[in-house]
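Trainee: First the structure, which I've put down as structure tokens, then a few questions once you've had a look.
FYI, it's all coordinate maths here, none of it is from the lab. Fair warning: this is a prediction, and the values are worked out from it, not measured in the lab. Glycine gets a Cβ as well: all are built from the backbone with ideal geometry, and neighbour counts include every protein chain shown.
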Amino acid sequence: MKIILAFLLLSLNIHASVISWQQLSGHDLISNKEITIKSKKKVGVFYFLSATCPCSKGTFEYLNDLQKKYPDFQFMGFHSNKMVSRGVAQNYFSKYEIEFPIFFDKKLNFANKFNALKTPHVFVLDEKGEILYHGGVTNSRFFKNAKKFYLEEALKEIDQGKKPSKQFARALGCYIER
């Protein structure tokens, strides 16, 4: 019961906050460089991924495809895990063809800012920093078993100028190590 209550309170807190996202800086695990992203796009799509969570790995190709399908949206990832070094995370992500930056977030600055709980956990924000959708990418921990594609449905509706009919879906995966 305590877990459910904490989750509901966290969900309410997420919707009440505004997140500034159009200029973010950090170490990008894909390029292995310090970068600053200055975006003029009206929608930001932010993924919390992990080098230690098998649920994250299954979404990489799908997320690349979504980025191509929605070029007017800013896509970005975060690896938030206190227990994983930058070298380990760098080595892991370099094995995959990921076409969006992934910031190394060992101190959990981004995870705490977004109130991210799990990996994968996705947040879609408008240009004002208000959350349009957050939660799971699909209805399954393992992408191959997914029957519902929550993120894609939300992006499609946003691209059509609509508010997503589903603004929250439970994130399924590994808890972020805090």
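Trainee: (1) in a loop (DSSP other than H, G, I, E, B); (2) under 17 Å from residue 30 (Cβ atoms): which one isn't true of residue 141, the others all being true?
Mentor: (2)
Trainee: To continue, here is another question. Can you work out which of the residues in region 54-93 that are closer than 23 Å to residue 126 by Cβ and of a type in the set (A, V, I, L, M) is nearest to the chain's Cα centre (by Cα)?
Mentor: The qualifying residue nearest to the chain's Cα centre (by Cα) is 76.
Trainee: Could you list all residues from region 100-112 that are outside any loop (DSSP other than H, G, I, E, B), under 13 Å from residue 25 (Cβ atoms) and in contact (Cβ under 8 Å) with a residue 24 or more places away in the chain?
Mentor: 103, 104, 110
Trainee: In region 152-169, is there at least one residue being assigned to a strand (DSSP E or B), within 22 Å of residue 26 (Cα to Cα), under 14 Å from the mean Cα position of the chain (by Cα) and touching a residue at least 40 places away in the same chain (Cβ under 8 Å)?
Mentor: no
Trainee: What number of residues within region 84-99 satisfy the criterion of being closer than 15 Å to residue 51 by Cβ, out of contact with any Ser or Thr (no Cβ under 8 Å at 6 or more places or on another chain) and in a loop (DSSP other than H, G, I, E, B)?
Mentor: Selection size over region 84-99: 5.
Trainee: A follow-up question, please. Would you be able to tell me the number of residues in region 77-132 that are of a type in the set (S, T, N, Q) and farther than 30 Å from residue 157 by Cα? Walk me through it before giving the result.
Mentor: Step one: of region 77-132, the residues of a type in the set (S, T, N, Q) are 80-81, 85, 90-91, 94, 109, 112, 115, 119.
From what is left, the residues that are farther than 30 Å from residue 157 by Cα are 81, 85, 90-91, 94.
Final tally of qualifying residues: 5.
Trainee: Looking for whichever is surrounded by fewer than 18 Cβ atoms within 10 Å (Cβ to Cβ), touching a residue at least 24 places away in the same chain (Cβ under 8 Å) and over 28 Å from residue 162 (Cβ atoms) here; the options are 127, 97. Which one fits?
Mentor: Criteria check complete, one pass: 97.
Trainee: Taking region 94-113, which residues are under 19 Å from residue 127 (Cα atoms) and either in contact with a Leu (Cβ under 6 Å, 6 or more places away or on another chain) or of a type in the set (D, E, K, R) (or both)?
Mentor: 113 - this is the single residue of region 94-113 that is under 19 Å from residue 127 (Cα atoms) and either in contact with a Leu (Cβ under 6 Å, 6 or more places away or on another chain) or of a type in the set (D, E, K, R) (or both).
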